[in-house]
Amino acid sequence: MLRLVLRDSQTAHYIEPLANSSPESRWEIRMTVPVEDFTTDDEDSDGGQDETAEVGATIAGDEEQERVHLDWYRAHRLMLPAEAQRTRAIRIEKFLSRAEISGFMSSVRLLQQQRVCGQTQHCTKGPRQGWRTTYLHTNGVFLKRFGRLSKKIRQTFFEVDAANWGVLKGRPTAELRFRTIEYHEYTPGGKLSAPGHYDSGSLLTLDIMLADSSKDFEGGQLILPEADGAQTAPQMSKGDAVMFLSHKYHNVSPVTAGKRTVLVLELWEGPERTCAHRCGVMESCDYTLEYARSLA
């Protein structure tokens, strides 16, 4: 059996969270093999019609896939990206103190040295140039090591949502869990520039700034494209957090100097993930820490 797992090479995000009840992926796999052309001139004359028909079928297929995904979002009460664009992000000033940040980052550096969490490799070129991610939810590490912080963040998700969007209202509280907990380190060249990027399948996303933008790095602004075509760039001082609906588009401008460090968490209605990456499935996942280490 051949298993293909497709992820965005820049964000490591799956196109959708996949479950038995979810639609097929929007990804389309094609393989082109060069062959010798045995067509005659007469056969060539019909080629244009064949190509036109293929293009038409592809467009129709894309439209059908989009419809299926919109139906799946509605069935799971997930806000459509177009709707999420009309919502505003919420800035939470001084969410973490400098002492909390210092202790947390020291602990994360130790976890990185011990290699107990899934990590992407630091790249010097390509779409993940200057961008490393440590998946702190691996094997439940975050909940075990940072229980107090976990409770604080979870409570904040509920409080901010209740005051602004209400997307958690009516959902079983016990089923609302962290989907991914990511420690991002951006160095020069690091960015999240994919147009129309959003955290598909999640409900709420929280970005917590762990670095000092006045001296630790330059560039690296959180950018939120808005429905009217404008862009919002929330001011994020060290310790500040920004929460937004996961289906709202968001990007990070290129870091030009220093290191931008941020903690990102997503809340979804699904199982607590303990695999060593940002998971796209709601069933058991075989992307273990051992497997992640084998790719290093």
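The values are calculated or read from the model by the stated rules, or taken from the named source; none is laboratory data. Note that the coordinates shown come from a computational prediction; the quantities given were computed from them, not determined experimentally. For neighbour counting, all protein chains shown are included, and Cβ atoms are generated from backbone atoms with ideal geometry for every residue, glycine included. What goes into the accessible areas is simple: the full protein's heavy atoms, side chains included, and nothing from ligands, DNA or RNA. Shrake-Rupley method; radii C 1.70, N 1.55, O 1.52, S 1.80 Å.
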So, first residue in a loop (DSSP other than H, G, I, E, B) in the stretch 162-182, second residue open to solvent by less than 60 Å² (accessible area, probe 1.4 Å) and of a type in the set (S, T, N, Q), Cβ within less than 7 Å, six or more apart or across chains; the pairs are W165/T87
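Return a yes/no flag: does the stretch 197-204 have any residue that is in contact with a strand residue (DSSP E or B) (Cβ under 9 Å, 6 or more places away or on another chain) and over 26 Å from F158 (Cβ atoms).
Restricting attention to the stretch 197-204, the residues satisfying the condition of being in contact with a strand residue (DSSP E or B) (Cβ under 9 Å, 6 or more places away or on another chain) are 197-204.
With over 26 Å from F158 (Cβ atoms) added as a condition, the list becomes none.
No, every residue in the stretch 197-204 fails to be in contact with a strand residue (DSSP E or B) (Cβ under 9 Å, 6 or more places away or on another chain) and over 26 Å from F158 (Cβ atoms).
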| Taking the stated definitions as given, is V252 of a type in the set (A, V, I, L, M), touching a residue at least 24 places away in the same chain (Cβ under 8 Å) and closer than 25 Å to V108 by Cα? | yes
Log entry, pairs with first residue in the stretch 209-221 being within 14 Å of H184 (Cβ to Cβ), second being open to solvent by less than 50 Å² (accessible area, probe 1.4 Å) and acidic (D, E), beta carbons closer than 6 Å, six or more apart or on different chains, reads M209/D240
Selection over the stretch 175-192 where residues are basic (K, R) and surrounded by fewer than 20 Cβ atoms within 10 Å (Cβ to Cβ) yields a count of 1
ask   = Any chance the stretch 193-210 includes a residue that's charged (D, E, K, R), over 18 Å from K151 (Cα atoms) and open to solvent by 20 Å² or more (accessible area, probe 1.4 Å)?
value = no
Selection from the stretch 94-122 of residues aromatic (F, W, Y) and assigned to a helix (DSSP H, G or I) yields F104
If we keep only residues of the stretch 227-269 that are acidic (D, E) and open to solvent by less than 40 Å² (accessible area, probe 1.4 Å), then the residue farthest from the chain's Cα centre (by Cα) is D240
Within the stretch 136-149, the residues that are open to solvent by 10 Å² or more (accessible area, probe 1.4 Å) and not in a loop (DSSP other than H, G, I, E, B) are N139, G140, V141, L143, K144, R145, G147, R148, L149
Exercise. Looking only at the stretch 76-90, decide whether some residue is surrounded by 12 or more Cβ atoms within 10 Å (Cβ to Cβ) and more than 24 Å from H247 (Cα to Cα).
Key: no
Evaluate the following for A211: is it farther than 22 Å from R77 by Cβ and under 17 Å from the mean Cα position of the chain (by Cα)? no
Of the residues in the stretch 137-149, those that are under 19 Å from the mean Cα position of the chain (by Cα) and closer than 13 Å to L263 by Cβ come to H137, F142
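Which one of these is buried (at least 20 other Cβ atoms within 10 Å of the Cβ) and farther than 21 Å from M105 by Cα: C285, C275? Let's see the steps before the verdict.
Working: C285 fails: buried (at least 20 other Cβ atoms within 10 Å of the Cβ).
C275 is the lone residue from the list that is buried (at least 20 other Cβ atoms within 10 Å of the Cβ) and farther than 21 Å from M105 by Cα.
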